[in-house]
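Structure record follows, encoded as structure tokens.
The values are calculated or read from the model by the stated rules, or taken from the named source; none is laboratory data. Owing to the predicted nature of the structure, the values given are computational and were not obtained by experimental measurement. Here the Cβ is made from the backbone with ideal geometry for all residues, glycine too, and neighbour counts use every protein chain on show. Accessible surface is based on the protein model in full, side chains and every heavy atom, while ligands, DNA and RNA are left aside. Shrake-Rupley method; radii C 1.70, N 1.55, O 1.52, S 1.80 Å.
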Amino acid sequence: MRQPLIAGNWKMNGTRSSAESLIQGVLEGSSGIAKAEIAVCVPFVFLELAQRLLSGRSIRLGAQNVCTEASGAYTGETSAEMLNEFGCRYVICGHSERREYYGETDAIVAKKLAMVASTGMTPILCVGETLEQREQGFMEAVIAGQIDAIIEANGIESFGQVAIAYEPVWAIGTGKTATPEQAQEVHAFIRRRVAAHDAAIAEKVRILYGGSMKPSNAAELLAMPDIDGGLIGGASLVAEDFLAICQAGETAV
Ligand code: PEP
């Protein structure tokens, strides 16, 4: 049985005071949620605030990026060890925005995953195809390539400490959501791809869906057998929307 994970990806949003209110709102509304795991992946500068507010509570803290290197002359970067020190449990790696705007290749993503895992935190590996790739029939090839690159670089064992997020690029921030059937098909494909190397790891690995998940579509997505949670962008910025999705995760168990 895989515990659902509902993780908010705040991206580059908020102020100190709005971050505080949002975390307080999520804390207040989540007391009845015990079966689903909840995480908030906040901008680096809010980590200390979030760590303080979440101390002793069950909501996990996450970051949205990490440096490929452990320490040294990498101006502007943040190491896995630093994130771990600030109480992060999760680190999003290879989000399509980072792949597209910051040139993150599969090789870079693989290094980030290894760095995160080396500190005991869990990377959330994002994979997904563009609309063009889907329309040209390359969806499976793209996803397989993104997964295989990590297996080749870090070994299949590395998936013992990873959550995967399937995020079709055409559904991110667009209001368009993959149908539950479309998402399930890709999630099952990802699980089979991992299973070809290690069936036990494939059975355990959590595969989250991300891409315009919201209160109105969360329950039907989360009801699919291979959808083990959600990576939530826009809807994670409104406490009551995020909580409604967390509640859908709770009910899906
Ligand atoms: C994301 O960027 O991870 C995401 C899923 O965004 P949204 O929910 O806004 O589509």
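Counted without the sites themselves, the longest stretch of the chain free of chymotrypsin sites (Phe, Trp or Tyr not before Pro) in a DSSP loop having at most 13 other beta carbon atoms within 10 Å is 103-253.
Residue by residue, segment 137-150 carries 3J(HN,Hα) couplings of x, 9, 3, 5, 5, 5, 5, 4, x, 5, 6, 4, 4, 6 Hz when phi is fed to the Karplus relation 6.51 cos²θ - 1.76 cosθ + 1.60 (θ = phi - 60°); x denotes Gly or Pro. The value of relative contact order for the chain, using C-alpha pairs under 8 Å at least six residues apart, is 23 percent. Taking the protein heavy atoms of the chain in the context of the full set of protein chains, the accessible area attributed to carbon and sulfur is 51 percent at 1.4 Å. Rounded to 0.05, the FRET efficiency of the SER17 and GLU77 pair, given R0 = 30 Å and the Cβ-Cβ distance, is 0.65.
Between ALA39 and ILE6, ALA7, GLY8, ARG60, the built amide H atoms are under 5 Å apart, and every one of these is 5 or more places off in sequence or on another chain. Between amide H atoms placed 1.01 Å from N, distances below 5 Å from GLY210 occur with TYR166, GLU167, LEU231, all of them 5 or more places distant or on a separate chain.
Annotation note: trypsin sites (Lys or Arg not before Pro) in segment 16-70 located in DSSP loop regions with a Cβ neighbour count of at most 16 within 10 Å are LYS35, ARG57. When the GluC sites (Glu not before Pro) in segment 18-116 are filtered for DSSP coil states and for at most 16 other beta-carbon atoms within 10 Å of their beta-carbon, the remaining sites are GLU69, GLU77.
Ordering HIS95, HIS197 from largest to smallest accessible area (1.4 angstrom probe), what's the sequence?
Values: HIS95 10, HIS197 100 Å².
Ranked from most to least accessible, the order is HIS197, HIS95.
For the chain, lysine pairs separated by 8 or more sequence positions, or belonging to different chains, with Cα-Cα distances below 22 Å total 8.
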